[in-house]
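This report refers to the structure that appears directly beneath it.
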Amino acid sequence: MAQARELYEDGARLYDGARTLRADHARALEAVRAAHTPLRDASVAEELGSIPLNRLKDVTEGRLRLAAVEAAGFATVREVHEASRHRLRQIPGVGAQTADQALAAARQIARAVGETVSVRIDVDRPEPRTTALVTALYRLVEAGPELPRAVEAAERYEKRLAELLPAARPATGRLRLALTGRFRREAARAALAELRELTAEAAGADVPLRLAQATADLLREPASEIEPWVDFEVRSAEYYSRLAEICAQPTDLAAAEGFVPSEVAERVHAQPLDDTHRRVSLRGYQAFGARFALAQRRVVLGDEMGLGKTVQAIAALAHLAAEGHTHFLVVCPAGVLINWTREIGARSTLRALPVHGPDRWDAYAEWRERGGVAVTTFDVLHTLPAPRTPEPGPESDGGPPPGLLVVDEAHYVKNPDTRRARSVAVWTALCDRVLFLTGTPMENRVEEFRALVRHLRPDLVAEPGEGHRAAGPHAFRRAVAPAYLRRNQKDVLTELPALIQVDEWEEFSAADEDAYRAAVAAGNFMAMRRAAYADPEKSAKLQRLRELVAEAAANGLKAIVFSYFRDVLTVVQEALGDDVFGPLAGDVPAARRQRLVDDFTAAGGHAVLLCQIEAGGVGLNLQAASVVILCEPQIKPTLEHQAVARAHRMGQVRAVQVHRLLAADSVDDRLLRILRNKNRLFDAYARRSDTAEASPDAVDVSDDGIARRIVEEEQRRLAVEPRDAPAPSPSHGP
């Protein structure tokens, strides 16, 4: 009986833990809804305030007479919506029927508006209501991706234990069991046996610990009112994702699903999406994209840049891993190989192996033996053994095909005569599932896109006749809809923040490495920061910058390129050609700076403006741009923040994408690590004043020790003999 009582108590503790987590989670959700409601109502009221009074007639098909209401000074739907029936009845000439009809029509319009408005969180204008919402969301986001699984486990165990514990209780005491009827005694013993299995299962999966940890995470208070705001700006997409899940933020469903045919949409909706190996929440359109890739098997995901194509691909990989697939392959340009490796590690539990560089053969052999996600480049792919064909031979000794082949920047293989296109074609032909990613819109280059689709679904583009060709790109898009999905920012970002930040990690080229080692040996901190641009022909950062600018151009977006260094901007200007504005540097007179900005703003479609960050970061309105590229991290976080804020400000109608170019295992890595640990970041957000916005030094204190520390660390890491030249102060330019 002692064992039975102990077993029962274990089950009761598990039940209490599950019920506690569910209750705390429900309270956390309700806190978000309670904070969201007044903000949503304010947005609805603002929208109603812009709708003229006569729109009420449209709702009643012209039956409503509003002359007396207008004569009383009512001009908008909002004024009627906020008025009481009694207030309207006080207006001369307005009877009970007119008052009721007017109010009913106003409420109908308000409901329609409520289905379309979305709450936007303005990080530059925090006020009590938005702070309450961000703080409520903070608890859920801070609890991490394990929270939904912990809550799901809590629901399952609570439901089962609620039945088992009462049934098993008679078996916990001799007297109690003796006084129980035969039928209940047998039921108690059976329930006790099942309880033993259930608690053992829970213990084996660390369920009690997971429930307790999730509860503790939900109850954890932020250290200050500022902390949730700082966290929101770092990972705002996760906050908006949670908000959309909890409060059903409105979306244009057809746009979020890429306007695919209904039969394709139905098949995609029926496709499950397992999140066991995923560490990130998905937006609705992202979940649809991952399901589309899985359901349609061989597709092009052509979302506009900034919508998270990488995350959608990782979600598909994670689902297939949950189904038992063990080997996956990602092919990408060399400039984003590190990004892919880091993103897979951060967004999933999958193991990423870079197959690149001198150790690529060892990495490839390890991948073939142990599985995971191999990440390689277009230039390396042709050297790797292809997967086995149905009849293995000397040309196909690379093992079985990957469960999913992902080809990033797939427009690189648009020309079938190139070596990279031929090697991708070999792997594509042998893989059952293939996902091409490209942000270049198909509508602009139908013939090139035809070549991409031919890799995947040649049946969709089989020698179209002249009539098909004359019908144009829209007809072609309908024809390839089973294999092509594209969404645009303006259609699906209504719930996302106006700022999307991406760290673009690059690996030094050999030339970059040589320049960097020389700068480290010389103890030259500033030369270390710009070593990645020493050889423009072989610069990894510069190559990625070209790609980002090209994608912005393909999407008709304006871009700003910031650097602390004038000579880096000169290198960028030469790389991009003369068709750029600037550079806007410190020695350019103020009037000339404004003319440059005006010309950049007035330019139709895509344009690029080069800015020295201290010159372009203060006092200029650059909201015409929606892509910001930072050539290197800044030693003062607010210097970056203010530069980005020139584009990300009131009046910006598009989400701003910020791409920060970073070199792995370099001064960039060290600088970010040191700055990340500085409590000074909180002060930057606490002091939202004109003075702080006007001068970085109002918040950031110049720290020569940072430069000295990084130089010494890098000299030790690279085992180089330091020369006598001192490290220059980070507060001085080139």
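Some notes on this structure:
- Contour excess over end-to-end distance, with Cα ends at A75 and R189 and 0.36 nm allotted per residue: 33.7 nm
- Shown for segment 287-337 is the translational diffusion coefficient from the Stokes-Einstein equation, using the Kirkwood radius over Cα pairs, a temperature of 4 °C and a viscosity of 1.567 mPa s: 109 µm²/s.
- Kirkwood-type radius of segment 232-384, with distances r between different C-alpha atoms, in Å: 16.7
- Cα radius of gyration and Dmax for segment 92-149 (Å): 20.0, 62
- More than 24 Å apart - percent of Cα-Cα pairs taken over segment 179-273: 62
- Taking only protein heavy atoms and a 1.4 Å probe, the accessible area of segment 478-573 is 50% carbon and sulfur.
- Database remark: amide H of Y484 closer than 5 angstrom to the amide H of V300 (H placed geometrically; neighbours at sequence offset of 5 or more, or on other chains; Pro and chain starts carry no H).
- Overall form of segment 250-312 per C-alpha gyration tensor (a/c, 1.5; a/b vs b/c): rounded
- Volume per residue that the Cα convex hull of segment 1-107 spans, once the total is divided by residue count, Å³: 147
- Label-to-label distance, nm, for residues given as A602 and A205 (7 Å Cα→Cβ offset): 6.5
- Segment 531-633: relative contact order as a whole-number percent, Cα under 8 Å and 6+ apart: 39
- Within the accessible surface of segment 207-322, defined with a 1.4 Å probe on protein heavy atoms only, the carbon and sulfur portion equals 53 percent.
- Nearby aspartates and glutamates by direct alpha-carbon distance to K159 (threshold 19 angstrom, same-chain neighbours under 8 apart not counted): E9, D10, D16, D24, E194, E197, E201, D206
- Estimated FRET transfer efficiency (A96, R27; beta-carbon r; R0 30 Å; 0.05): 0.10
- For V658, the residues 5 or more places off, or on other chains, whose built amide H falls under 5 Å of its own are I500, Q501, V502, V628.
The values are calculated or read from the model by the stated rules, or taken from the named source; none is laboratory data. Everything quoted here is computed from the prediction, not taken from an experiment. Neighbour counts run over all protein chains shown; Cβ positions are idealised from the backbone, glycine included. Just so you know, the surface numbers come from the protein's heavy atoms only, side chains and all, with ligands and any DNA or RNA stripped out. Shrake-Rupley method; radii C 1.70, N 1.55, O 1.52, S 1.80 Å.
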